[in-house]
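Read the structure below first, then the notes.
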Amino acid sequence: MIELIQEKMFGKGRDVIIKEKAIIVGLLLPGRDEWQLESSLRELAQLSDTAGAQVVFEVIQKRSRPHSAYYIGKGKAEEISLLVEELEADMLIVDDELSPSQTRNLEEVLGVRVIDRTALILDIFARRARTREGKLQVELAQLNYLLPRLTGHYEFLSRLGGGIGTRGPGETKLEVDRRTIRQKISDLNREIESIKKHRSLQRRARQKVPHPVVALVGYTNAGKSTLLNALTDSSVFTEDKLFATLDPTTRKANMPDNQTVLLTDTVGFIQKLPTHLVAAFRATLEEVQEADVLMHVVDLSHPQREEQMEAVQKILEDLEVTEKPCLLVFNKMDLIDDPLLLRRLKTEYSGSVAISAAKQKNLEELLDQLSRLLRTDWERMTLAVPFEDSRTLALLHEKGQVVKIIAQEETYHVEVLLQEKWANKLKKYSKGQ
Ligand SMILES: Nc1nc2c(ncn2[C@@H]2O[C@H](COP(=O)(O)OP(=O)(O)OP(=O)(O)O)[C@@H](O)[C@H]2O)c(=O)[nH]1
Ligand SMILES: [Mg+2]
(Lines give C-alpha, C1' and ligand atoms only; values in the text may rest on other atoms or scores of the structure.)
(Ligands and ions follow the chains in the order given, each with its own letter.)
Protein backbone atom coordinates (compact mmCIF):
# COMPACT_ATOMS: atom_id res chain seq x y z
CA MET A 1 0.00 0.00 0.00
CA ILE A 2 2.73 2.47 0.96
CA GLU A 3 4.81 1.62 -2.09
CA LEU A 4 1.74 1.95 -4.25
CA ILE A 5 0.92 5.43 -3.01
CA GLN A 6 4.51 6.57 -3.28
CA GLU A 7 4.64 5.27 -6.79
CA LYS A 8 1.42 7.04 -7.65
CA MET A 9 2.59 10.35 -6.25
CA PHE A 10 6.22 10.42 -7.26
CA GLY A 11 6.55 8.03 -10.19
CA LYS A 12 8.38 4.75 -10.29
CA GLY A 13 12.05 4.49 -9.52
CA ARG A 14 12.36 7.87 -7.88
CA ASP A 15 15.24 7.92 -5.46
CA VAL A 16 13.48 8.15 -2.13
CA ILE A 17 15.60 9.20 0.81
CA ILE A 18 13.08 9.34 3.59
CA LYS A 19 13.94 11.69 6.40
CA GLU A 20 10.50 12.38 7.76
CA LYS A 21 7.21 11.25 6.29
CA ALA A 22 4.35 13.69 6.17
CA ILE A 23 0.67 13.58 5.40
CA ILE A 24 -0.66 16.90 4.14
CA VAL A 25 -4.19 18.16 4.50
CA GLY A 26 -6.21 21.06 3.15
CA LEU A 27 -9.82 22.24 3.29
CA LEU A 28 -12.09 22.84 0.36
CA LEU A 29 -14.02 25.84 1.63
CA PRO A 30 -16.90 27.59 -0.15
CA GLY A 31 -15.64 30.06 -2.76
CA ARG A 32 -12.49 28.09 -3.39
CA ASP A 33 -12.37 25.69 -6.29
CA GLU A 34 -10.69 22.32 -6.26
CA TRP A 35 -7.99 23.44 -8.62
CA GLN A 36 -6.93 26.28 -6.34
CA LEU A 37 -6.76 23.92 -3.39
CA GLU A 38 -4.78 21.39 -5.43
CA SER A 39 -2.23 24.03 -6.39
CA SER A 40 -1.97 25.28 -2.82
CA LEU A 41 -1.35 21.69 -1.69
CA ARG A 42 1.23 21.18 -4.42
CA GLU A 43 3.05 24.22 -3.10
CA LEU A 44 2.72 22.86 0.44
CA ALA A 45 4.31 19.61 -0.74
CA GLN A 46 7.15 21.61 -2.28
CA LEU A 47 7.62 23.51 0.97
CA SER A 48 7.62 20.20 2.85
CA ASP A 49 10.27 18.88 0.51
CA THR A 50 12.39 21.98 1.03
CA ALA A 51 12.06 21.49 4.80
CA GLY A 52 13.19 17.87 4.45
CA ALA A 53 9.91 15.97 4.68
CA GLN A 54 8.49 13.60 2.13
CA VAL A 55 4.77 13.79 1.47
CA VAL A 56 3.29 10.31 1.50
CA PHE A 57 -0.39 11.16 1.35
CA GLU A 58 -2.67 14.08 0.60
CA VAL A 59 -6.04 14.56 2.28
CA ILE A 60 -8.73 17.00 1.19
CA GLN A 61 -11.85 17.69 3.18
CA LYS A 62 -14.83 19.69 2.01
CA ARG A 63 -16.25 21.88 4.78
CA SER A 64 -18.24 25.08 5.13
CA ARG A 65 -15.59 26.39 7.54
CA PRO A 66 -12.66 25.03 9.54
CA HIS A 67 -13.70 23.02 12.61
CA SER A 68 -13.01 25.24 15.61
CA ALA A 69 -11.39 22.49 17.64
CA TYR A 70 -9.80 20.24 15.02
CA TYR A 71 -9.60 22.31 11.79
CA ILE A 72 -10.78 19.18 9.94
CA GLY A 73 -13.75 17.27 11.34
CA LYS A 74 -13.11 14.96 14.26
CA GLY A 75 -14.12 11.94 12.21
CA LYS A 76 -11.63 12.92 9.53
CA ALA A 77 -8.96 13.34 12.18
CA GLU A 78 -9.61 9.78 13.34
CA GLU A 79 -9.39 8.53 9.77
CA ILE A 80 -6.06 10.27 9.39
CA SER A 81 -4.82 8.72 12.60
CA LEU A 82 -5.30 5.29 11.00
CA LEU A 83 -3.42 6.51 7.93
CA VAL A 84 -0.62 7.76 10.14
CA GLU A 85 -0.24 4.29 11.56
CA GLU A 86 -0.50 2.53 8.25
CA LEU A 87 1.96 4.79 6.45
CA GLU A 88 4.19 5.26 9.49
CA ALA A 89 3.95 9.00 9.02
CA ASP A 90 5.92 11.27 11.32
CA MET A 91 3.69 14.30 11.06
CA LEU A 92 0.63 15.98 9.63
CA ILE A 93 1.19 19.21 7.73
CA VAL A 94 -1.81 21.53 7.45
CA ASP A 95 -2.26 24.02 4.61
CA ASP A 96 -3.40 26.93 6.82
CA GLU A 97 -2.35 28.50 10.09
CA LEU A 98 -3.87 26.63 13.03
CA SER A 99 -4.93 28.03 16.36
CA PRO A 100 -2.87 26.75 19.29
CA SER A 101 -5.77 24.58 20.48
CA GLN A 102 -6.44 23.10 17.04
CA THR A 103 -2.80 22.00 16.89
CA ARG A 104 -2.96 20.52 20.37
CA ASN A 105 -6.23 18.67 19.77
CA LEU A 106 -5.05 17.22 16.49
CA GLU A 107 -1.80 16.08 18.05
CA GLU A 108 -3.71 14.31 20.78
CA VAL A 109 -5.82 12.39 18.27
CA LEU A 110 -2.95 11.59 15.91
CA GLY A 111 -0.07 11.03 18.32
CA VAL A 112 2.35 12.71 15.93
CA ARG A 113 3.50 16.27 15.38
CA VAL A 114 1.11 18.65 13.61
CA ILE A 115 2.78 21.44 11.65
CA ASP A 116 0.88 24.27 10.00
CA ARG A 117 1.89 26.22 6.90
CA THR A 118 3.31 29.05 8.99
CA ALA A 119 5.52 26.78 11.11
CA LEU A 120 6.74 25.04 7.96
CA ILE A 121 7.75 28.30 6.30
CA LEU A 122 9.38 29.49 9.52
CA ASP A 123 11.32 26.23 9.68
CA ILE A 124 12.63 26.74 6.14
CA PHE A 125 13.61 30.30 6.94
CA ALA A 126 15.37 29.10 10.10
CA ARG A 127 17.48 26.71 8.06
CA ARG A 128 18.26 29.23 5.38
CA ALA A 129 19.04 32.36 7.35
CA ARG A 130 22.70 33.19 6.83
CA THR A 131 23.39 36.74 7.97
CA ARG A 132 23.10 37.90 11.56
CA GLU A 133 20.15 40.10 10.68
CA GLY A 134 18.35 37.29 8.86
CA LYS A 135 18.83 34.96 11.81
CA LEU A 136 17.56 37.53 14.30
CA GLN A 137 14.49 38.23 12.20
CA VAL A 138 13.62 34.55 11.81
CA GLU A 139 14.14 33.84 15.48
CA LEU A 140 11.87 36.74 16.39
CA ALA A 141 9.16 35.45 14.07
CA GLN A 142 9.49 31.93 15.47
CA LEU A 143 9.27 33.04 19.08
CA ASN A 144 6.25 35.24 18.40
CA TYR A 145 4.60 32.27 16.75
CA LEU A 146 5.51 29.94 19.60
CA LEU A 147 4.56 32.09 22.57
CA PRO A 148 0.78 31.56 22.46
CA ARG A 149 1.30 27.88 21.64
CA LEU A 150 3.37 26.87 24.60
CA THR A 151 0.98 25.33 27.09
CA GLY A 152 1.73 21.68 27.10
CA HIS A 153 2.48 21.71 23.42
CA TYR A 154 6.20 21.86 23.73
CA GLU A 155 6.48 19.19 26.38
CA PHE A 156 4.56 17.06 23.93
CA LEU A 157 6.89 18.01 21.10
CA SER A 158 9.97 17.25 23.17
CA ARG A 159 8.54 13.82 23.84
CA LEU A 160 8.22 13.35 20.09
CA GLY A 161 11.80 14.48 19.52
CA GLY A 162 13.20 17.21 17.27
CA GLY A 163 12.61 17.79 13.57
CA ILE A 164 10.61 20.26 11.56
CA GLY A 165 9.07 22.98 13.70
CA THR A 166 11.60 22.69 16.53
CA ARG A 167 14.69 24.11 14.87
CA GLY A 168 16.05 27.58 15.50
CA PRO A 169 18.32 29.47 13.11
CA GLY A 170 21.76 27.87 12.85
CA GLU A 171 22.37 24.82 15.01
CA THR A 172 20.32 26.01 17.97
CA LYS A 173 17.16 24.43 19.24
CA LEU A 174 14.24 26.74 19.90
CA GLU A 175 13.93 28.04 23.43
CA VAL A 176 10.76 26.78 25.06
CA ASP A 177 10.44 28.51 28.40
CA ARG A 178 7.79 31.22 28.38
CA ARG A 179 9.62 33.76 30.52
CA THR A 180 12.89 33.31 28.70
CA ILE A 181 11.02 33.72 25.42
CA ARG A 182 9.48 37.04 26.46
CA GLN A 183 12.91 38.34 27.47
CA LYS A 184 14.43 37.03 24.25
CA ILE A 185 11.73 38.70 22.13
CA SER A 186 12.43 42.08 23.67
CA ASP A 187 16.22 41.60 23.28
CA LEU A 188 15.75 40.62 19.64
CA ASN A 189 13.55 43.63 18.96
CA ARG A 190 16.20 45.89 20.42
CA GLU A 191 18.99 44.29 18.44
CA ILE A 192 17.03 44.40 15.18
CA GLU A 193 16.24 48.05 15.84
CA SER A 194 19.94 48.84 16.15
CA ILE A 195 20.75 46.94 12.95
CA LYS A 196 17.97 48.87 11.27
CA LYS A 197 19.56 52.16 12.28
CA HIS A 198 22.88 50.97 10.94
CA ARG A 199 21.20 50.00 7.66
CA SER A 200 19.61 53.39 7.27
CA LEU A 201 23.03 55.02 7.82
CA GLN A 202 24.44 52.73 5.16
CA ARG A 203 21.61 53.65 2.87
CA ARG A 204 22.23 57.32 3.45
CA ALA A 205 25.92 56.83 2.69
CA ARG A 206 24.90 55.06 -0.48
CA GLN A 207 22.66 57.95 -1.41
CA LYS A 208 25.59 60.34 -1.37
CA VAL A 209 26.22 58.91 -4.79
CA PRO A 210 22.55 58.80 -5.57
CA HIS A 211 22.25 56.01 -8.08
CA PRO A 212 18.67 54.97 -8.57
CA VAL A 213 17.75 51.83 -6.65
CA VAL A 214 15.83 49.07 -8.42
CA ALA A 215 14.35 46.37 -6.20
CA LEU A 216 13.64 42.91 -7.59
CA VAL A 217 10.43 41.57 -6.12
CA GLY A 218 8.35 38.52 -6.94
CA TYR A 219 7.09 35.12 -5.97
CA THR A 220 9.63 32.70 -4.58
CA ASN A 221 11.50 30.74 -7.29
CA ALA A 222 10.54 33.22 -10.04
CA GLY A 223 14.19 33.81 -10.92
CA LYS A 224 15.01 37.11 -9.17
CA SER A 225 18.51 36.09 -8.10
CA THR A 226 19.24 34.58 -11.51
CA LEU A 227 18.26 37.90 -13.08
CA LEU A 228 20.43 39.85 -10.64
CA ASN A 229 23.34 37.62 -11.58
CA ALA A 230 22.67 38.02 -15.30
CA LEU A 231 22.48 41.81 -15.10
CA THR A 232 25.40 42.38 -12.76
CA ASP A 233 27.80 39.55 -13.52
CA SER A 234 27.65 38.31 -9.96
CA SER A 235 27.03 34.91 -8.48
CA VAL A 236 24.33 35.21 -5.87
CA PHE A 237 23.01 31.82 -4.69
CA THR A 238 20.11 30.50 -6.78
CA GLU A 239 18.32 27.20 -6.47
CA ASP A 240 15.25 25.42 -7.70
CA LYS A 241 13.80 25.40 -4.20
CA LEU A 242 11.54 27.84 -2.41
CA PHE A 243 13.15 30.70 -0.50
CA ALA A 244 16.70 30.42 -1.80
CA THR A 245 17.23 34.09 -0.94
CA LEU A 246 16.58 35.50 2.50
CA ASP A 247 18.94 38.42 2.84
CA PRO A 248 18.89 41.38 0.51
CA THR A 249 21.91 41.79 -1.77
CA THR A 250 22.70 44.95 -3.68
CA ARG A 251 24.90 45.12 -6.76
CA LYS A 252 25.73 47.78 -9.32
CA ALA A 253 24.46 47.38 -12.87
CA ASN A 254 25.24 49.48 -15.91
CA MET A 255 22.46 50.67 -18.13
CA PRO A 256 22.80 51.06 -21.90
CA ASP A 257 22.97 54.86 -21.53
CA ASN A 258 25.89 54.52 -19.08
CA GLN A 259 23.71 55.24 -16.12
CA THR A 260 24.56 53.17 -13.04
CA VAL A 261 21.74 51.65 -11.03
CA LEU A 262 21.76 49.67 -7.81
CA LEU A 263 19.90 46.37 -8.11
CA THR A 264 18.58 44.85 -4.89
CA ASP A 265 17.55 41.22 -4.68
CA THR A 266 15.01 40.45 -1.95
CA VAL A 267 13.28 37.59 -0.21
CA GLY A 268 10.61 35.91 -2.34
CA PHE A 269 6.93 36.21 -1.53
CA ILE A 270 4.44 33.38 -1.16
CA GLN A 271 0.68 32.97 -0.74
CA LYS A 272 -0.44 33.15 2.86
CA LEU A 273 2.91 34.62 3.89
CA PRO A 274 2.89 34.31 7.68
CA THR A 275 2.15 37.65 9.31
CA HIS A 276 4.88 37.06 11.91
CA LEU A 277 7.32 36.79 9.09
CA VAL A 278 6.23 39.96 7.33
CA ALA A 279 6.48 41.82 10.63
CA ALA A 280 9.89 40.38 11.47
CA PHE A 281 11.20 41.08 7.98
CA ARG A 282 10.13 44.73 8.03
CA ALA A 283 13.76 45.83 8.17
CA THR A 284 14.65 43.79 5.11
CA LEU A 285 11.54 44.78 3.23
CA GLU A 286 12.42 48.41 3.79
CA GLU A 287 14.82 47.89 0.90
CA VAL A 288 11.73 47.59 -1.26
CA GLN A 289 10.17 50.68 0.27
CA GLU A 290 13.32 52.71 -0.36
CA ALA A 291 13.63 51.68 -4.00
CA ASP A 292 13.00 54.13 -6.86
CA VAL A 293 11.69 51.48 -9.20
CA LEU A 294 10.46 47.91 -8.73
CA MET A 295 10.93 45.00 -11.08
CA HIS A 296 8.25 42.39 -10.51
CA VAL A 297 9.67 39.09 -11.74
CA VAL A 298 7.05 36.48 -12.69
CA ASP A 299 7.66 32.82 -13.54
CA LEU A 300 5.94 32.71 -16.92
CA SER A 301 6.03 28.92 -17.00
CA HIS A 302 4.27 28.42 -13.68
CA PRO A 303 0.70 27.08 -13.94
CA GLN A 304 -0.36 29.39 -11.08
CA ARG A 305 1.24 32.45 -12.64
CA GLU A 306 -1.84 34.64 -12.21
CA GLU A 307 -2.39 33.67 -8.56
CA GLN A 308 1.27 34.27 -7.83
CA MET A 309 1.11 37.72 -9.41
CA GLU A 310 -1.92 38.50 -7.28
CA ALA A 311 -0.21 37.32 -4.10
CA VAL A 312 2.78 39.54 -4.86
CA GLN A 313 0.51 42.47 -5.63
CA LYS A 314 -1.20 42.03 -2.27
CA ILE A 315 2.07 42.09 -0.38
CA LEU A 316 3.20 45.16 -2.32
CA GLU A 317 -0.04 46.82 -1.24
CA ASP A 318 0.68 45.89 2.39
CA LEU A 319 4.10 47.47 2.02
CA GLU A 320 2.46 50.56 0.53
CA VAL A 321 4.69 50.61 -2.53
CA THR A 322 2.14 50.28 -5.33
CA GLU A 323 2.68 53.93 -6.30
CA LYS A 324 6.24 53.23 -7.36
CA PRO A 325 6.98 52.70 -11.04
CA CYS A 326 7.04 48.93 -11.59
CA LEU A 327 8.37 46.94 -14.51
CA LEU A 328 6.62 43.63 -15.01
CA VAL A 329 9.12 40.98 -16.11
CA PHE A 330 7.91 37.62 -17.40
CA ASN A 331 10.85 35.29 -16.84
CA LYS A 332 11.62 31.75 -18.03
CA MET A 333 10.29 32.41 -21.54
CA ASP A 334 12.64 29.67 -22.75
CA LEU A 335 10.22 27.17 -21.19
CA ILE A 336 7.27 28.54 -23.15
CA ASP A 337 6.56 27.49 -26.69
CA ASP A 338 3.52 29.66 -27.27
CA PRO A 339 4.03 32.89 -29.21
CA LEU A 340 0.33 33.66 -28.81
CA LEU A 341 0.63 33.74 -25.04
CA LEU A 342 3.59 36.09 -25.24
CA ARG A 343 1.67 38.40 -27.54
CA ARG A 344 -1.41 38.28 -25.34
CA LEU A 345 0.57 39.18 -22.23
CA LYS A 346 2.27 42.03 -24.05
CA THR A 347 -1.15 43.50 -24.88
CA GLU A 348 -2.67 42.75 -21.52
CA TYR A 349 0.25 44.19 -19.56
CA SER A 350 1.58 47.03 -21.63
CA GLY A 351 5.19 47.88 -20.92
CA SER A 352 5.95 44.36 -19.70
CA VAL A 353 8.88 42.36 -21.05
CA ALA A 354 9.37 38.64 -21.52
CA ILE A 355 12.89 37.39 -20.86
CA SER A 356 14.95 34.40 -19.92
CA ALA A 357 17.34 35.27 -17.12
CA ALA A 358 18.98 31.86 -17.27
CA LYS A 359 19.51 31.92 -21.05
CA GLN A 360 20.18 35.67 -21.02
CA LYS A 361 17.49 36.34 -23.60
CA ASN A 362 15.86 39.73 -24.21
CA LEU A 363 17.88 41.41 -21.49
CA GLU A 364 18.53 44.44 -23.72
CA GLU A 365 14.80 45.02 -24.08
CA LEU A 366 14.47 44.74 -20.33
CA LEU A 367 17.20 47.34 -19.76
CA ASP A 368 15.62 49.67 -22.32
CA GLN A 369 12.28 49.48 -20.56
CA LEU A 370 13.98 49.98 -17.24
CA SER A 371 15.81 53.08 -18.47
CA ARG A 372 12.52 54.43 -19.68
CA LEU A 373 10.97 53.97 -16.25
CA LEU A 374 14.00 55.46 -14.55
CA ARG A 375 13.88 58.46 -16.78
CA THR A 376 10.37 59.22 -15.62
CA ASP A 377 11.88 59.57 -12.21
CA TRP A 378 15.26 61.07 -13.14
CA GLU A 379 15.33 63.95 -15.54
CA ARG A 380 18.35 64.34 -17.79
CA MET A 381 19.36 68.00 -18.18
CA THR A 382 22.33 70.09 -19.20
CA LEU A 383 23.09 72.95 -16.85
CA ALA A 384 25.44 75.91 -17.22
CA VAL A 385 27.19 76.65 -13.93
CA PRO A 386 29.61 79.55 -13.64
CA PHE A 387 33.15 78.61 -12.46
CA GLU A 388 32.80 80.62 -9.25
CA ASP A 389 29.57 78.87 -8.24
CA SER A 390 31.29 75.91 -6.63
CA ARG A 391 28.36 75.32 -4.28
CA THR A 392 25.98 74.49 -7.11
CA LEU A 393 28.55 72.22 -8.71
CA ALA A 394 28.99 70.41 -5.39
CA LEU A 395 25.21 70.14 -5.07
CA LEU A 396 24.95 68.55 -8.51
CA HIS A 397 27.52 65.96 -7.54
CA GLU A 398 25.80 65.29 -4.30
CA LYS A 399 22.18 65.11 -5.42
CA GLY A 400 22.44 64.14 -9.05
CA GLN A 401 24.31 61.77 -11.27
CA VAL A 402 26.77 63.77 -13.27
CA VAL A 403 27.20 62.21 -16.70
CA LYS A 404 29.60 64.70 -18.32
CA ILE A 405 31.22 68.08 -17.57
CA ILE A 406 32.72 70.39 -20.19
CA ALA A 407 34.47 73.58 -19.08
CA GLN A 408 34.06 76.39 -21.56
CA GLU A 409 34.29 80.19 -21.27
CA GLU A 410 34.28 80.32 -17.46
CA THR A 411 31.28 78.01 -17.35
CA TYR A 412 30.84 74.33 -16.57
CA HIS A 413 28.37 72.68 -18.90
CA VAL A 414 27.12 69.83 -16.80
CA GLU A 415 25.06 66.97 -18.19
CA VAL A 416 23.31 65.49 -15.19
CA LEU A 417 20.42 63.29 -14.10
CA LEU A 418 18.30 64.84 -11.39
CA GLN A 419 15.23 63.78 -9.49
CA GLU A 420 12.19 65.99 -9.96
CA LYS A 421 12.63 67.99 -6.77
CA TRP A 422 16.21 68.94 -7.61
CA ALA A 423 15.50 69.39 -11.30
CA ASN A 424 12.94 72.05 -10.37
CA LYS A 425 15.24 73.77 -7.91
CA LEU A 426 18.09 73.93 -10.39
CA LYS A 427 16.05 74.78 -13.47
CA LYS A 428 17.43 78.30 -13.58
CA TYR A 429 20.81 76.91 -14.66
CA SER A 430 19.24 74.97 -17.48
CA LYS A 431 20.69 75.84 -20.87
CA GLY A 432 18.26 77.39 -23.24
CA GLN A 433 16.25 78.92 -20.38
N1 LIG B 1 14.38 27.63 -17.51
C2 LIG B 1 14.68 28.71 -16.80
N3 LIG B 1 14.93 28.59 -15.49
C4 LIG B 1 15.23 29.71 -14.79
C5 LIG B 1 15.25 31.00 -15.40
N6 LIG B 1 15.55 31.91 -14.45
C7 LIG B 1 15.71 31.21 -13.29
N8 LIG B 1 15.52 29.90 -13.49
C9 LIG B 1 15.63 28.81 -12.48
O10 LIG B 1 14.61 29.00 -11.53
C11 LIG B 1 15.07 28.58 -10.22
C12 LIG B 1 14.88 29.70 -9.23
O13 LIG B 1 15.73 30.77 -9.55
P14 LIG B 1 16.19 31.84 -8.45
O15 LIG B 1 16.93 32.91 -9.19
O16 LIG B 1 16.85 31.18 -7.30
O17 LIG B 1 14.77 32.38 -8.01
P18 LIG B 1 14.42 33.48 -6.92
O19 LIG B 1 13.27 34.28 -7.44
O20 LIG B 1 15.64 34.24 -6.53
O21 LIG B 1 13.90 32.57 -5.74
P22 LIG B 1 13.92 32.81 -4.14
O23 LIG B 1 15.21 33.44 -3.76
O24 LIG B 1 13.75 31.43 -3.63
O25 LIG B 1 12.74 33.68 -3.86
C26 LIG B 1 16.54 28.20 -10.42
O27 LIG B 1 16.60 26.80 -10.54
C28 LIG B 1 16.93 28.89 -11.70
O29 LIG B 1 17.95 28.22 -12.39
C30 LIG B 1 14.97 31.08 -16.81
O31 LIG B 1 14.98 32.13 -17.44
N32 LIG B 1 14.68 29.91 -17.44
MG1 LIG C 1 16.59 34.41 -4.82
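Once the Cβ-Cβ distance of Q36 and T260 is raised to the sixth power relative to R0 = 30 Å, the FRET efficiency obtained is 0.10. Write down Rg/Rh for the chain, rounded to two decimals, with Rg from the C-alpha atoms and Rh from the Kirkwood relation over Cα pairs. Ratio of gyration radius to Kirkwood radius: 1.06.
A Förster radius of 30 Å combined with the Cβ-Cβ distance from L335 to R372 puts the calculated FRET efficiency at roughly 0.65.
The calculated 222 nm mean residue ellipticity attributable to helices in the chain amounts to -14000 deg cm²/dmol, summing -39500 (n - 2.57) over DSSP H runs of n ≥ 4 and dividing by all residues. Ranking A89, S48, A394 by how far each Cα lies toward the positive end of the dipole of the chain (charges on Cβ) leaves A394 at the top.
Split the accessible area of the chain by element, probe 1.4 Å, and carbon with sulfur accounts for 48%.
Quick one: compute the contact order of the chain, relative version, from alpha carbon pairs under 8 angstrom and 6+ residues apart, as a percent. So the answer I get is 11 percent.
Here the peptides 19-26, 296-303, 35-42 are ranked by packing, the mean other Cβ count within 10 Å, and the order with the highest first is 19-26, 296-303, 35-42. Pairs exceeding 21 Å between alpha-carbon atoms, taken from K241/K361; K399/K427; K224/K359; K21/K76; K224/K404: K241/K361; K224/K404.
In this simple spin-label model, placing a label point 7 Å from the Cα along the Cα-to-Cβ direction at both L28 and Q408 gives a separation of 7.5 nm. Counting only Cβ charges, +1 for Lys and Arg and -1 for Asp and Glu, the dipole size of the chain around its Cα centre is about 1180 debye.
Rounded to the nearest Hz, the phi-derived 3J(HN,Hα) couplings of region 256-268 under the Karplus curve 6.51 cos²θ - 1.76 cosθ + 1.60 (θ = phi - 60°) are x, 8, 6, 6, 9, 10, 9, 9, 10, 8, 10, 4, x, where x marks glycine and proline. Per residue, the chain exposes an accessible area of 49 Å² to a 1.4 Å probe, with every protein chain left in place. Full extension of the chain between T131 and A358 yields a length gain of 79.1 nm, computed as 0.36 nm times the residue separation minus the alpha carbon distance. Note on L342 and K252: the extension gain reaches 29.4 nm, defined as 0.36 nm multiplied by sequence separation minus the Cα-Cα distance. Label-to-label distance, K431 versus E191, with points set 7 angstrom from Cα along the beta-carbon direction: 5.6 nm. For region 379-429, report the translational diffusion coefficient in µm²/s to the nearest whole number, using Stokes-Einstein at 20 °C, 1.002 mPa s, and a Kirkwood Rh over Cα pairs. Rounded, D is 202 µm²/s. Legend: calculated FRET efficiency, E88 to E420, from the Cβ-Cβ distance at R0 = 60 Å, rounded to 0.05, equals 0.40.
The values are calculated or read from the model by the stated rules, or taken from the named source; none is laboratory data. The structure presented is a predicted model; accordingly, all values stated were derived computationally and were not measured. Note that we place each Cβ from the backbone using ideal geometry, even for glycine, and neighbour counts take in every protein chain shown. For accessibility, only protein heavy atoms count, side chains too; no ligands or nucleic acids. Shrake-Rupley method; radii C 1.70, N 1.55, O 1.52, S 1.80 Å.
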